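Here the structure is laid out as structure tokens; the discussion comes afterwards.
Coordinate-derived values only; no laboratory data. Keep in mind that what you see is a predicted model, and the values were worked out from it rather than measured. Using ideal geometry, Cβ is built from the backbone for each residue, glycine included, and neighbour counts are taken over all protein chains shown.
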């Protein structure tokens with residue numbers, strides 16, 4: 001039996017990198033996408049450099065996936081960027097950049113993945129954030145983009161259910177990656193204080209939940225958003 | 001010599017027809033209604049048709065296009081309305097892709 005084909009965006013570092021390693025260890029064929037070079041050397045890993053919101057590049061990428069592996073089983077929409085700033089001090093260039101990556105890119109990958117998955121069904125997992133329910137100050141556009149991810153998850157779940165594709169979202173708390181590097185420690189502690197479990201999210205916490213969504217037995221689990229840490 | 005776009009549309013419709021409760025009357029050629037009023041395709045069948053056509057265009061012409069359009073589900077002016085409108089629309093997308 002050929003291995004499951006798992007596509008992960010934002011796979012060159014942080015959580016995406018850890019997810020790629022995790023699914024390689026499980027025997028999957030992993031395809032990583034990021035704007036920069038890939039950091040994993042493995043016989044079952046292939047890396048593509050692309051901006052997730054560049055439609056022409058993404059269509060080309062899916063063409064290669066189709067011709068090389070024939071189908072796709074999992075899509076993990078992990079690529080995401082943030083820009084911590086008071087709303088009044090947020091430039092429109094940052095607004096467009098965040099929405100392009102976090103919303104447009106996620107939609108584009110989901111649309112193209114659904115085409116490849118329609119023959120035998122599939123699993124899409126979208127990364128959202130506790131910034132949505134916690135209404136984090138200083139993260140207006142990031143939180144809005146992640147709220148859009150939840151909305152897309154819920155509607156896509158319904159539109160793609162006839163194709164046996166499930167779509168779910170996972171909202172971790174702060175993880176020690178580049179995304180939170182610019183967030184002051186005091187601010188991080190305030191966020192953790194609002195969680196039921198008051199610690200940083202570890203990659204293994206995320207993988208455990210993603211494993212659940214990707215499981216072949218999770219065909220009845222769709223359109224759901226799972227927040228970690230008891231938010 | 002590559003086949004015409006309408007021939008490609010007819011091929012994908014012919015391949016889709018056995019899975020439909022009511023087949024598309026493909027003998028009507030470009031006039032055969034696909035989607036919307038008097039059309040036999042539901043939205044999921046339309047998705048299958050469009051994806052199959054995208055793949056065939058890629059194989060036949062070597063051009064990668066997404067046949068997505070803002071008027072996709074419009075009742076009157078959708079490019080997915082008939083075999084003829086779909087072929088004309090797909091042809092325009094292929095020309096666009098070749099220019100860019």
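Just to be sure I understand: with springs between alpha-carbon atoms less than 10 Å apart, which residue in A:14, A:32, A:171 has the highest mean-square fluctuation in the Gaussian network model of chain A?
Of the options given, A:14 has the highest mean-square fluctuation.
Please find the FRET efficiency linking residue B:98 to residue A:51, where r is the Cβ-Cβ separation and R0 is fixed at 25 Å, and quote it to the nearest 0.05.
On the way: r = 22 Å, r/R0 = 0.89.
About 0.65, to the nearest 0.05.
Which residue fluctuates most in the GNM of chain A (Cα springs below 10 Å): A:193, A:53, A:148?
A:193
Would you please state which residues of the stretch A:169-204 a label at residue A:26 would reach in this model, taking the label point 7 Å out along Cα→Cβ and a backbone N cut-off of under 12 Å?
Under 12 Å, as judged by backbone N against the label point of residue A:26, lies no residue of the stretch A:169-204.
Label-point separation (nm) for residue A:212 and residue A:155, each offset 7 Å from Cα along Cα-to-Cβ?
Between residue A:212 and residue A:155, the simple spin-label model gives 2.7 nm.
Sorted from fewest to most neighbouring beta carbons within 10 Å, what does the list A:92, A:1 look like?
A:1, A:92
Assuming R0 = 35 Å, can you tell me the calculated FRET efficiency for the pair residue A:178 and residue A:1, based on Cβ-Cβ distance, to the nearest 0.05?
Plugging the Cβ-Cβ distance into 1/(1 + (r/R0)^6) gives 0.45.
Which of A:67, A:145, A:34 ends up with the largest GNM mean-square fluctuation for chain A, with Cα atoms connected below 10 Å?
A:67
Give me B:100, A:2 sorted ascending by neighbouring Cβ count inside 10 Å, so fewest comes first.
Ascending Cβ contact count within 10 Å gives the list B:100, A:2.
Report, to the nearest 10°, how far helix A:140-160 tilts away from the longest principal axis of the Cα atoms in chain A, using its own Cα long axis and a range of 0 to 90°.
30
Determine, for A:228, B:34, the number of other Cβ atoms within 10 Å of each Cβ, and report the residues in order from fewest to most.
Taking fewest neighbouring Cβ atoms as first place, the list is A:228, B:34.
So what does the Cα-only Debye profile of chain B read at q = 0.11, 0.19, 0.22, 0.25 Å⁻¹, as log10 I(q)/I(0), no solvent term?
The computed values of log10 I(q)/I(0) come out as -0.28, -0.87, -1.17, -1.50.
For the protein assembly as shown, what log10 I(q)/I(0) values come out of the Debye formula at q = 0.06, 0.10 1/Å, with one point per alpha carbon and no solvent?
Cα-only, vacuum Debye calculation for the protein assembly as shown: -0.24, -0.63.
Go ahead and collect, in residue order, the members of the stretch A:122-141 whose backbone nitrogen is under 15 Å from a label point 7 Å along the Cα-Cβ direction of residue B:19.
Answer for this model: A:122.
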